[in-house]
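Asker: First the structure, which I've put down as structure tokens, then a few questions once you've had a look.
The values are calculated or read from the model by the stated rules, or taken from the named source; none is laboratory data. Note that the coordinates shown come from a computational prediction; the quantities given were computed from them, not determined experimentally. Glycine also receives a Cβ, built like all others from the backbone with ideal geometry; neighbour counts cover every protein chain displayed. The area values use the complete protein model at the heavy-atom level, side chains included, leaving out ligands, DNA and RNA. Shrake-Rupley method; radii C 1.70, N 1.55, O 1.52, S 1.80 Å.
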Amino acid sequence: MGVGPGDPELLTLKAARLIANASVVAYLAANGRDSTARDIAKACIPATAEHVVIDMPMRVERGPGERAYDAGAAAIAERLKQGRDVIMLCEGDPFFYGSFMYLFARLAGSYPCAIVPGVTSMTASAAALRRPLSARNEVVKVLPATLPEDRLREELMTAESAVLIKVGRHLAKVRNILGLLNLSSRAHVIVKATHGDETVTPLPDITENHLPYFSTILVYAGAEAW
């Protein structure tokens, strides 16, 4: 279930209704502690609901994450076998780079699974910047900053508009590529879109070499300025 990018008021009516009637809610918790998805939806979660907290180690290696998904899927399956419905909370949209897709792959073959879409960080960032992502026939590219440098540069060379996600520790690489392509002045950094401490900053004004986890860069490479 998508709970949106941060502002609880961006929960869809359907998401809010289902969460409010949940007997079991599940969510990822970074290193067993922080859960943005839970914090977004907390006003809707019944006091009587059981919480299934999936401890997600924040590591570069895939192994720890895969084991966490296995354990989380097993915990959810245990409740499903008891005939209980489980609401899985996911920041943004579950199928737009959402962690839920890995649990879905483990569970959907054995149990009915409904997907509730949510507002994405991509559209929330465009709203924060007060500029459309695209118009008419313009094409938007969504690019993970984790891509190899050569691939990222090639994609940006032909982009009219681009959304760079998963920037975090890859900021130096992204900044270098945008500088080489003379796109730095057309890029803005949106941190924690729709949260109370949201910031929107032109990329040239960013002096750090890394960004917080919830950061997006919008680049208007070939599109005309509005």
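Asker: Given H placed 1.01 Å from N in the peptide plane, which residues other than close sequence neighbours of Gly4 have an amide H under 5 Å from its amide H?
Answerer: Result for Gly4 returns Gly92, Val119.
Asker: With θ taken as phi - 60° and the coefficients 6.51, -1.76 and 1.60, list the Karplus ³J(HN,Hα) couplings across segment 130-142 in order, rounded to whole Hz; mark glycine and proline as x.
Answerer: 6, 8, x, 5, 7, 8, 6, 9, 5, 10, 9, 9, 9
Asker: Per residue, how much accessible area does segment 1-40 have with a 1.4 Å probe, in Å²?
Answerer: Numbers: 1790 Å² over 40 residues.
With the other protein chains kept in place, segment 1-40 gives 45 Å² per residue.
Asker: May I ask for the Rg/Rh ratio of segment 35-136, computed from Cα atoms with Rh as the Kirkwood radius, given to two decimals?
Answerer: Working: Rg = 15.8 Å, Rh = 15.5 Å.
On the Cα set of segment 35-136, Rg over Rh gives 1.02.
Asker: Report the antiparallel proportion of the DSSP beta bridges in segment 15-107 as a percent, rounded to a multiple of 5.
Answerer: Working: 1 of 10 bridges.
Approximately 10 percent, going by the DSSP bridge assignments.
Asker: Can you list the HN-Hα couplings for segment 8-20, worked out from phi with the Karplus curve (6.51, -1.76, 1.60; θ = phi - 60°), rounded to whole Hz and with x for Gly and Pro?
Answerer: With coefficients 6.51, -1.76 and 1.60, one gets x, 6, 8, 4, 6, 4, 5, 4, 4, 5, 5, 5, 5 Hz.
Asker: A further question follows. Going by accessible area, probe 1.4 Å, with all protein chains left in place, what is the ranking of Thr120, Thr207, largest first?
Answerer: Values: Thr120 20, Thr207 115 Å².
Solvent-accessible surface, decreasing: Thr207, Thr120.
Asker: What ³J(HN,Hα) values, in whole Hz, does the Karplus curve 6.51 cos²θ - 1.76 cosθ + 1.60 give for segment 102-109 when θ = phi - 60°, with x put for Gly and Pro?
Answerer: Karplus values, whole Hz, x for Gly and Pro: 6, 6, 4, 4, 7, 10, 5, x.
Asker: Please report the carbon-and-sulfur percent of the accessible area for the chain; probe 1.4 Å, protein heavy atoms only, DNA, RNA and ligands left out. Show your work: numbers first, answer last.
Answerer: Numbers: 6190 of 11940 Å².
Carbon and sulfur together cover 52 percent of it.
Asker: Let me ask something else about it. Residues of segment 77-155: accessible area per residue at 1.4 Å, in Å²? Write down the numbers at each step before the final one.
Answerer: Numbers: 4460 Å² over 79 residues.
Value returned for segment 77-155: 56 Å² of accessible area per residue.
Asker: Further question: Round to a whole angstrom and tell me the spacing of the C-alpha centers of segment 3-79 and segment 104-154.
Answerer: What the calculation gives is 20 Å, centre to centre.
Asker: What order do you get for 125-133, 109-117 when each peptide is scored by the mean count of other beta carbon atoms within 10 Å, highest first? Working shown, then result.
Answerer: Values: 125-133: 17.6, 109-117: 12.7.
Taking the mean over residues of other Cβ atoms within 10 Å, the ranking is 125-133, 109-117.
Asker: Quick one: work out the % antiparallel among DSSP beta bridges in the chain, nearest 5.
Answerer: Working: 14 of 29 bridges.
Antiparallel bridges: around 50 percent, rounded to the nearest 5.
Asker: Across all directions of projection, what mean area in square nanometres is found for the Cα convex hull of the chain? Write out the running numbers ahead of the final one.
Answerer: Details: hull surface 53.0 nm².
Computing the convex hull of the Cα atoms and averaging its projections yields 13.2 nm².
Asker: Starting from the Kirkwood radius over alpha-carbon pairs of segment 1-69, derive D by Stokes-Einstein at 20 °C in a medium of 1.002 mPa s and give it in µm² s⁻¹. Show your work: numbers first, answer last.
Answerer: Working: Rh = 12.8 Å.
The calculation lands on 167 µm²/s.
Asker: Angle check, please: helix 171-180 long axis (alpha carbons) against the longest principal axis of the chain (alpha carbons), in degrees 0 to 90, nearest 10.
Answerer: 30
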